[in-house]
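Step one of this worksheet: look at the structure below.
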Amino acid sequence: MLRDAFAAFVGRTAAPYQAAVLRIGTGLAWGGFLLREWPHRRVLYGDLSPWSAELNARLIAESHAFTVLGWSEGRLWFELVYHLAIAAAVLLVLGWRTRAVGVLFAVTVVSLQNRNVFVGDGGDNVIHLMAIYLVLTRCGRVWSLDARRRARRPARPPGGELRALMDALTTMLHNCGMLVIAGQVVLVYATAGWYKVQGSRWQDGTALHYPLHLDYFTPWPALSGLLGASLLVTFLLSYGTVVLQVGFPFALANRRLKNVLLALMVAEHAVIAVVLGLPFFSLAMIAADAVFLPTGVLLAAERRIRRLAGHPGAVPSVG
């Protein structure tokens, strides 16, 4: 049994569809954020930022964080890195040369975020981690230009023991990466849930009342006012959030319960995106949650999309 499990671990690419969703969602979240903030890019990360390059250099010296923006303080270098970050996000979503593009994506994500650690809404931390983990994975096996190119390329004869060994190592690295990503998502929810349990506002069920009355988090004042006006609604939403986050790690032991809680969390993030005006945070979290989505659900979604697009082709198998 142990031998069979090891053979599967090094011989079968686990969760390729989940990795593809994570790749696409993370790329969309980061690329969308950079495009939205494009007019303000110099204030956030460039030469016009209140957090000056000198101040950031002091922080970098203490934290030993990495950023290529520290290599030059010129505007041209900043503009190059910022627009490379946008290009990397687009190419990652498309799945073009995902191995090399994934490295470029991770470098640009880390570099921009470490240039100004005071910019972000929580989703940036998730993107930061997932960008690094995606480098380990074969996230372009399906739903990518790479997969399309491989499907059109004629089959090549086996390349010998060295090629087989490299393929096994790459598969093992991918599987380890997916395990780390799953563990990270569980850790995020577990720590967030248990910290909420200790908070007095979460204990009395009023925690969500406050953001619903802050101008910064009310893009739709009428909708926020409608939800925030009812103490019962805010109480149920506050307690429901805690239950979902604390209970999710335990729900992994039961597939049906896990799927129910996963659907509720995705719905919760969609509501956060609309009601609180945090679309990129929500998209990053939904993409991370996707590692736990059942493969059958993703394949059904692919078939539906193919039918809507007029391409009812069969779903390719992935080894």
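The values are calculated or read from the model by the stated rules, or taken from the named source; none is laboratory data. Computed from a predicted structure; not experimentally measured. Cβ sites come from the backbone with ideal geometry, for glycine too, and all protein chains shown count toward neighbours. When the accessible area is computed, the model is the full protein with side chains, heavy atoms only, and any ligands, DNA or RNA have been set aside. Shrake-Rupley method; radii C 1.70, N 1.55, O 1.52, S 1.80 Å.
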Within the stretch 104-125, considering residues that are modelled with pLDDT under 95 and β-branched (Val, Ile, Thr), the one least open to solvent (accessible area, probe 1.4 Å): 119
Residue pairs meeting the criteria (Cβ under 8 Å; at least 6 apart or on separate chains; first more than 17 Å from residue 303 (Cβ to Cβ), in the stretch 140-154; second of a type in the set (Val, Ile, Thr)): 140/98; 141/13; 141/318; 144/98; 146/98
Wholly enclosed helices (runs of 4 or more DSSP H) of the stretch 204-319 bearing at least 3 residues in contact (Cβ under 8 Å) with a residue 24 or more places away in the chain, at negative phi and within 23 Å of the chain's Cα centre (by Cα): 231-251, 255-275, 279-289, 295-309
Residue in the stretch 200-207 that is open to solvent by 30 Å² or more (accessible area, probe 1.4 Å) and among the aliphatic types (A, V, I, L, M) present: no
Condition met for residue 186 (surrounded by fewer than 18 Cβ atoms within 10 Å (Cβ to Cβ) and in contact (Cβ under 8 Å) with a residue 60 or more places away in the chain): yes
Residue list for the stretch 288-297, filter: of a type in the set (A, V, I, L, M, F, W, C) and surrounded by fewer than 24 Cβ atoms within 10 Å (Cβ to Cβ): 291, 292, 293, 297
Residues of the stretch 225-242 satisfying the condition of being surrounded by 13 or more Cβ atoms within 10 Å (Cβ to Cβ) and either of a type outside the set (Gly, Ala, Ser) or under 12 Å from residue 194 (Cα atoms) (or both): 226, 227, 233, 234, 235, 236, 237, 239, 241, 242
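The rows are residues; the columns are (1) over 21 Å from the mean Cα position of the chain (by Cα); (2) surrounded by fewer than 13 Cβ atoms within 10 Å (Cβ to Cβ); (3) within 23 Å of residue 177 (Cβ to Cβ).
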position: 22; (1), (2), (3): no, no, yes
position: 30; (1), (2), (3): no, no, yes
position: 39; (1), (2), (3): yes, yes, no
position: 44; (1), (2), (3): yes, no, no
position: 49; (1), (2), (3): yes, no, no
Residue within the stretch 80-102 that is farther than 30 Å from residue 148 by Cα, open to solvent by less than 50 Å² (accessible area, probe 1.4 Å) and hydrophobic (A, V, I, L, M, F, W, C) present: no
Any hit, the stretch 265-287, residues being open to solvent by 60 Å² or more (accessible area, probe 1.4 Å), of a type in the set (D, E, K, R) and farther than 19 Å from residue 15 by Cα: no
Residue within the stretch 134-143 that is in a helix (DSSP H, G or I) and either among the acidic types (Asp, Glu) or open to solvent by less than 60 Å² (accessible area, probe 1.4 Å) (or both) present: yes
